[in-house]
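The values are calculated or read from the model by the stated rules, or taken from the named source; none is laboratory data. Only a predicted model underlies this, so the values are computations on that prediction, with no experimental measurement involved. With ideal geometry, Cβ positions are generated from the backbone for all residues, glycine too; neighbour counts draw on all protein chains shown. Heads up: the accessible areas ignore ligands, DNA and RNA and are worked out on the full protein's heavy atoms, side chains in. Shrake-Rupley method; radii C 1.70, N 1.55, O 1.52, S 1.80 Å.
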Amino acid sequence: MPAAPPHGPRLGWRLHPEVAAALAAGRPVVALETAIVAHGLPPPHNLEVGREVEAAVRAAGAVPATTGMVQGVLRIGLTAAQLRHLATAGDVAKLSDRDLGPALVRGGDGATTVAATLALAAAAGIRVMATGGIGGVHRGAARSGDVSADLLALRRYPVLVVAAGVKSVLDVPATLERLETLGVPVIGYGTRRLAGFLVHDSGIDLDWSVASPAEVAALLRAHRRARPDPGGLLLANPVDAADQLDPALHDRTLAAALRRLARAGIRGKAATPFLLAELERATAGASREANRRLVLGNARLAAAIAVADRT
Ligand code: PSU
Ligand code: MN
């Protein structure tokens, strides 16, 4: 039987030609999500950050593969026009990995969460992705059951996620417990403390840390060798202390945002975008600037790791 083509009618997704060429030649590629573009940041900052993240990956020597559904087509690697479309179209669905099939049937536009991006990256053979902070166990999950599919996707797809830890709007200790149950390694970059998303330090200790892209590449090789079905890993890269949101401001505004969330009765997919928007409003944009900087730092590191993983 002939090998499946890298894209085409039999597969649900299409590779951008630059991404296809890089993968075929064994050059470094970094997958990027678009939920942060369509739902995590307000316009016009969302498109700026989407572009800057791609540029940061390129500047570090890798090819960006931003994923999303544009006018009914699932894409791995977007043109500038496609990225702009997702940032400006308005009615863009938030797609987790389970939504990819239904979205293909319905068509339209969709932004990919970490979970969906991991599914697409794994399908294409991309081994590293960058995001801001991963989804996880929501506060009050014992009642609501709201746990992001990002966690199971990390278990399932053999991709390294570079993130500034877990989004601080979540129940961070419970999220770490769940990652342990799922068998997903959590490794600090340059620190044994878990990154705190918009703030430098979550205050939670980790078991492992690494200090360079070369060390991460060695870790990836060991991870693949050590287990029969290795799944993904979380590399927690803290935002620089100089770029973080003031921790006291963070804690105060987050507490208020969580009260508003409860009062408004917002649940499910809408919870994360609501909380991020509340933080941005209450900090006069300072949370957004910290978010931008941490995402860029993660993109740069992910690209350096993808380079080291290929050499
Ligand atoms: N990190 C950010 N902004 C975001 C997200 C992460 O800085 O918008 C998105 C990611 O796409 C992540 C999703 O996968 O939020 C998690 O959403 P939920 O909690 O609904 O699973
Ligand atoms: Mn959820």
For VAL63, residues with placed amide H under 5 Å, excluding near neighbours: VAL29, VAL30
Cα centroid of segment 114-165 to Cα centroid of segment 203-224, whole Å: 18 Å
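I need the shape label for segment 9-309. Rule: rounded when a/c is under 1.5, else prolate if a/b > b/c, else oblate, with a, b, c from the alpha carbon gyration tensor. Don't skip to the end; give the middle numbers.
Details: a/c = 1.40, a/b = 1.12, b/c = 1.25.
Judged from the Cα gyration tensor, segment 9-309 comes out rounded (a/c under 1.5).
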Longest site-free stretch - the chain; sites: trypsin sites (Lys or Arg not before Pro), DSSP loop, at most 12 other Cβ within 10 Å: 11-191
Lys/Arg +1, Asp/Glu -1 at C-beta; the chain dipole; positive extreme among SER96, GLY12, GLY132: GLY12
In sequence order, calculated HN-Hα J values of segment 252-257 (Karplus, 6.51, -1.76, 1.60; Hz; x Gly/Pro): 5, 6, 5, 4, 5, 5
Unit charges on C-beta of K, R, D, E only; dipole of the chain, Debye: 580 debye
For the chain, built as a Gaussian network whose Cα springs stay under 10 Å, the top-fluctuating residue of ALA242, ALA121, ALA60: ALA242
Antiparallel %, DSSP beta bridges [both residues in the chain], to 5: 30 percent
Interchain or long-range residues, amide H under 5 Å from LEU74's placed H: ARG14
Point-to-point label distance, ALA214-ALA25, nm (Cα→Cβ direction, 7 Å offset): 2.5 nm
For the chain, built as a Gaussian network whose Cα springs stay under 10 Å, the top-fluctuating residue of THR117, THR34, THR253: THR253
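For the chain, what is the mean residue ellipticity at 222 nm derived from helices alone (per DSSP H run of n ≥ 4: -39500 (n - 2.57); sum divided by total residues; nearest 500 deg cm²/dmol)?
-14000 deg cm²/dmol
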Heavy-atom accessible area per residue - segment 9-309, 1.4 Å, Å²: 41 Å²
Per-residue HN-Hα couplings for segment 156-171 [Karplus 6.51, -1.76, 1.60; θ = phi - 60°; Hz; x = Gly/Pro]: 7, 9, x, 9, 7, 9, 9, 8, 7, x, 9, 4, 6, 6, 8, 7
Note, ³J(HN,Hα) from phi for segment 87-102, Karplus 6.51, -1.76, 1.60, rounded to Hz, x at Gly and Pro: 6, 10, 5, x, 8, 10, 5, 8, 9, 8, 5, 5, 7, 4, x, x
Between segment 239-270 and segment 275-310, the alpha-carbon center distance in angstrom: 16 Å
Amide proton proximity set for THR34, modelled H, under 5 Å, gap of 5+: THR67, THR112
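Compute the Cα gyration tensor for segment 158-311, then decide on rounded, prolate or oblate, letting a ≥ b ≥ c be the square roots of its eigenvalues: rounded whenever a/c is under 1.5, prolate when a/b is larger than b/c in the other cases, and oblate in all that remain. Walk me through the intermediate numbers first.
Working: a/c = 2.29, a/b = 1.68, b/c = 1.36.
Prolate shape, in that a/c is at least 1.5 and a/b is the bigger ratio.
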Residue with peak Gaussian network fluctuation, the chain [Cα springs, cutoff 10 Å], from VAL73, VAL172, VAL216: VAL73
Shape category assigned to segment 93-242 from the gyration tensor of Cα positions, a/c cut at 1.5: oblate
Carbon and sulfur %, accessible surface of the chain computed with the full protein complex present, 1.4 Å: 54 percent
Exposure of LEU249 as accessible area (Å², to 10), given a probe of 1.4 Å and all protein chains: 40 Å²
